[in-house]
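Participant: Handing you a structure now.
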Amino acid sequence: MKIFSIAAISLGFATAFISCNQSAKNNTSAEAIAAYVDTVGMDKAVSPGDNFFDYANGNWVKNVKIPDDQSGWGIFYIIYEDNQKKLKTILENAAKSTAAKGSLEQKVGDYYAAGMDTLAIDKKGAEPLKPTLAKIDAIKDHKEMMAFIADAYSRGEGELLGFYVGADDKNSSQHIAVFSQSGCSLPEKDYYTRTDANSVEIRNAFTKFIRSMFTLSGTDSATAAKNATAILALETEISKSHRSPVELRDPQKNYNKRSIAELDKQMPNIGWAGFASKLNVKLDSVNVSQPAYFAALDKMLAAQSIDVWKTKLKFEYISANAALLSKDFRDANFEYGKVFSGAKKQSDRWKTVVNKVDAGLPELLGQLYVKDYFTADAKKRMDELVSNLQKAFEVRINALDWMSDSTKTRAKGKLFTFLKKIGNPDKWKNYDDVTIDKADYFASAQSIQAHDQKEMLGKIGKPVDRTEWGMSAPTVNAYYNPSNNEIVFPAGILQQPFFALGADDAINYGAIGMVIGHEMTHGFDDQGSQYDDQGNLKNWWTAEDGTRFKSKTKVVVDQYAGFKVLDSLHLNGELTQGENIADIGGLAIAYDAFKLTKQGKGTEKIDGFTPDQRFFLGFAQAWREKMRDETARMLVNV
């Protein structure tokens, strides 16, 4: 699933805002409403016309300290941290309950309890890895290796073929099997070849991590060192066939439908038909997103010794499961991650396990979360906000002087075809075939992986269920999915300061309104604009309008490419243009929608600020953030 979301980093909360149950935030007194602007965090010595961010957030930025276990700090982080505490309470109560076996309380509670039992986890050490490592040791040739990889995929493991199932870009009502470039552990291809100090440091940390994964699994240090050298060399070679992050943004170039018979002729070493047979699925046509990668992989399978490939398979398996294993594995995992995040210490164990439960059993934990922390009133208010932004967006489309009437008609058709999802799914998935063992964290995680993979494989060739969600209800984020032409706002983000029932319109439109507009605009950014109202990759623009649109996006690309992040490191405007377009459009549409409200049409001040001023302060303070250099460097590249 392709989703364009607003926040992809670790998240959390700051002291300027106090979060509580949504039902408690309906105080509409002038005093309470005034509190939605953090005047203490402002730097009023700065002219808002010179630097509005510093004016709105200057004192907050000067005084806030990034917690040692975080890569940054800001409103997303703050809400996320608050949400984790809520989920912790839910899970601790579920873990203590005597709920019936197989119930959602039993599954989430026991999974949490299993993850928190570090004594039992540490006692097992690397033992859970041994059965699969033994299978890899037994592989004799490349054919057996590909059979092993297919078998691993059937259990929710495996990585080399980048296999998943999603909506067909050119027939969005149907699922299709997709194969995408894979095989590289570092975030993107240039990390393998850049010679700057930061990239060298990352490669050194990577080889150290590989060595530690092998030694902790029982390999002697000399062999572990050889393995690290071999894997880095292999992945460096693989990376040469990878497309760059910018190239991956082109949906047309990354749609390459092929028959399995054709692929077996062109790339026989991969064994496409055998892969499908081993998975017990019927694959007639598939999307090979990046053909050059698979052509290179096919040659490398024959050129590289089986021992090198087996070494890579072992590393992939060990590293993928390191977080489920004993403390020495977890420590090594954290030490490696520090080079990207800059975090000074590991998060508390309960936070890690809460995340694991939310990721593994999202629609079980989500049910318990929305029961306690999301209300019908909040959903109703969000519905109103979304509808009002659609109306404002329509007015803006009508006013465009560079777009033809025919393209405007199609644009408005797409706008009002948006599938709107707010808070939580209308129907919840079940996990009846998942076995959660309170005494076995590793086995429980494997059961979840197998369930997810079985569910995914069962979709091949079947109609897309447009009611499914791509994020859990507690997630502090939102997204646009072009294949469904849907905008999605989980309950997790619908909290102060982004959204509050007691807040005035200026604050809600400036904060969550901008988020709504952001996701809507993704439907018309450089990628989303290539999908029609039904989610198909299909041109709906006149040639002249398409050319004009590209010339306007080029202005955005050039402007953002001029922004310096660190030292001489600039943003990559080509890479960030989708988010930049969505930010610009989102704020403009939210403001237009706000001006249609009673408060937006008025001039009454609250706490000394006009409605317009509160709108922009609500926006600016919702996006305050302080980030570690390591994280900033990584985000510029990926």
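Rule-based calculations on the coordinates, nothing more; no lab input. Quick caveat, the model's predicted, so the values are computed rather than measured. In this analysis, Cβ positions are derived from the backbone assuming ideal geometry, glycine residues included, and neighbour counts consider all displayed protein chains.
Participant: Count the net charge of all other residues whose Cβ sits under 14 Å from the Cβ of Asp432, scoring Lys and Arg as +1 and Asp and Glu as -1. If you can, show how the numbers build up before the last one.
Facilitator: Working: positive: Lys101, Lys107, Lys429, Lys454; negative: Glu363, Asp433, Asp452, Glu455.
Taking every other residue near Asp432 into account, the sum is 0.
Participant: Using the Karplus curve 6.51 cos²θ - 1.76 cosθ + 1.60 with θ = phi - 60°, work out ³J(HN,Hα) for each residue of region 231-244 in order, rounded to whole Hz, and write x for Gly and Pro.
Facilitator: Values per residue, Gly and Pro as x: 5, 4, 5, 5, 5, 4, 5, 4, 4, 4, 8, 6, 7, 6 Hz.
Participant: Taking Lys605 as the anchor, which aspartates and glutamates have their alpha carbon closer than 16 Å to its alpha carbon, excluding any fewer than eight residues away along the same chain?
Facilitator: The reachable aspartates and glutamates, counting only those whose Cα sits under 16 Å from Lys605, are Glu31, Asp38, Asp504, Asp505.
Participant: Whole-Hz Karplus ³J(HN,Hα) for region 433-449, in order, using 6.51 cos²θ - 1.76 cosθ + 1.60 and θ = phi - 60°, x for Gly and Pro?
Facilitator: Once θ is set to phi - 60°, the couplings for region 433-449 become 8, 8, 10, 9, 10, 4, 9, 9, 5, 5, 5, 5, 5, 5, 5, 5, 4 Hz.
Participant: Add +1 for every Lys or Arg and -1 for every Asp or Glu among the other residues with Cβ under 10 Å from the Cβ of Lys345, and state the total.
Facilitator: Details: positive: Lys338, Lys344; negative: Asp68, Asp69, Asp348.
Neighbourhood net charge equals -1.
Participant: For Val565, list long-range residues whose amide hydrogen, built 1.01 Å from N in the peptide plane, is under 5 Å from its own amide hydrogen.
Facilitator: His570, Leu571
Participant: Using alpha carbons only, how many angstrom separate the centre of region 246-265 from the centre of region 228-245?
Facilitator: Comparing the Cα centres of region 246-265 and region 228-245, I get a distance of 20 Å.
Participant: How far, in degrees from 0 to 90, does helix 291-303 lean away from the longest principal axis of the Cα atoms of the chain, to the nearest 10?
Facilitator: In the chain, helix 291-303 runs at an angle near 20 degrees to the longest axis.
Participant: On to the next question. For region 59-118 and region 175-211, write down the distance between their C-alpha centroids in whole Å.
Facilitator: Each part reduced to its Cα centre gives a spacing of 30 Å.
Participant: While we're here: Where both partners of a DSSP beta bridge lie in region 161-297, what percent of those bridges are antiparallel, to the nearest 5? Before the final figure, lay out the partial values.
Facilitator: On the way: 9 of 11 bridges.
Taking every DSSP beta bridge within region 161-297, about 80 percent pair in antiparallel fashion.
Participant: Roughly how tilted is helix 142-154, in degrees to the nearest 10 and between 0 and 90, from the longest Cα axis of the chain?
Facilitator: 40
Participant: Here's another thing I want to ask about it. Once amide H atoms are placed 1.01 Å from N in the peptide plane, what residues at a sequence separation of 5 or more from Gly166, or on another chain, have their amide H within under 5 Å of its amide H?
Facilitator: Ile176, Val178
Participant: Separate question: What number comes out for the charge environment of Gly586, summing +1 per Lys or Arg and -1 per Asp or Glu over other residues with Cβ under 14 Å away? The partial results should precede the final answer.
Facilitator: Working: positive: Arg396; negative: Glu519, Asp525, Glu579, Asp583, Asp592.
Residues near Gly586 contribute -4 overall.
Participant: Still on this structure: Relative to the longest principal axis of the chain, what angle (0 to 90°, nearest 10) does the C-alpha long axis of helix 52-63 take?
Facilitator: For 52-63 against the chain, the angle is about 60 degrees.
Participant: Can you give me the Cα centroid spacing of region 372-443 and region 486-565 in angstrom?
Facilitator: First find each Cα centre; the distance between them is then 13 Å.
Participant: Still on this structure, please answer the following. Among Val178, Val108, what is the fewest-to-most ranking by other Cβ atoms within 10 Å? The partial results should precede the final answer.
Facilitator: Working: Val178 19, Val108 27.
Arranged by neighbour count, lowest to highest, Val178, Val108 become Val178, Val108.
Participant: Okay, next question. Ratio of Rg to Rh for region 127-324, alpha carbon only, Kirkwood?
Facilitator: Working: Rg = 17.2 Å, Rh = 17.8 Å.
Radius of gyration relative to Kirkwood radius: 0.97.
Participant: Let me ask something additional. Can you run phi through the Karplus equation (6.51, -1.76, 1.60; θ = phi - 60°) for region 95-110 and list ³J(HN,Hα) in whole Hz, with x for Gly and Pro?
Facilitator: Residue by residue, region 95-110 yields 5, 7, 6, 10, 4, 4, 4, x, 6, 5, 5, 5, 5, 6, x, 6 Hz.
Participant: Express as a percent, rounded to the nearest 5, the fraction of DSSP beta bridges in the chain (both residues included) that run antiparallel. Mind dumping the intermediate values first?
Facilitator: Working: 22 of 30 bridges.
Within the chain, antiparallel bridges account for around 75 percent of the total.
Participant: List the trypsin sites (Lys or Arg not before Pro) in region 416-518 that DSSP assigns to loop (not H, G, I, E or B) and whose Cβ has at most 12 other Cβ atoms within 10 Å. Which are they?
Facilitator: Working: sites: Lys420, Lys421, Lys427, Lys429, Lys438, Lys454, Lys459, Arg466; in loops: Lys427, Lys429, Lys438, Lys459, Arg466.
Passing sites in region 416-518 are Lys427.
Participant: Ok, one more. To the nearest 0.05, how large is the calculated FRET efficiency for Arg396 and Gln252 if R₀ is 25 Å and r is the Cβ-Cβ distance?
Facilitator: Working: r = 27 Å, r/R0 = 1.07.
Step by step, r from the Cβ atoms, then E = 0.40.
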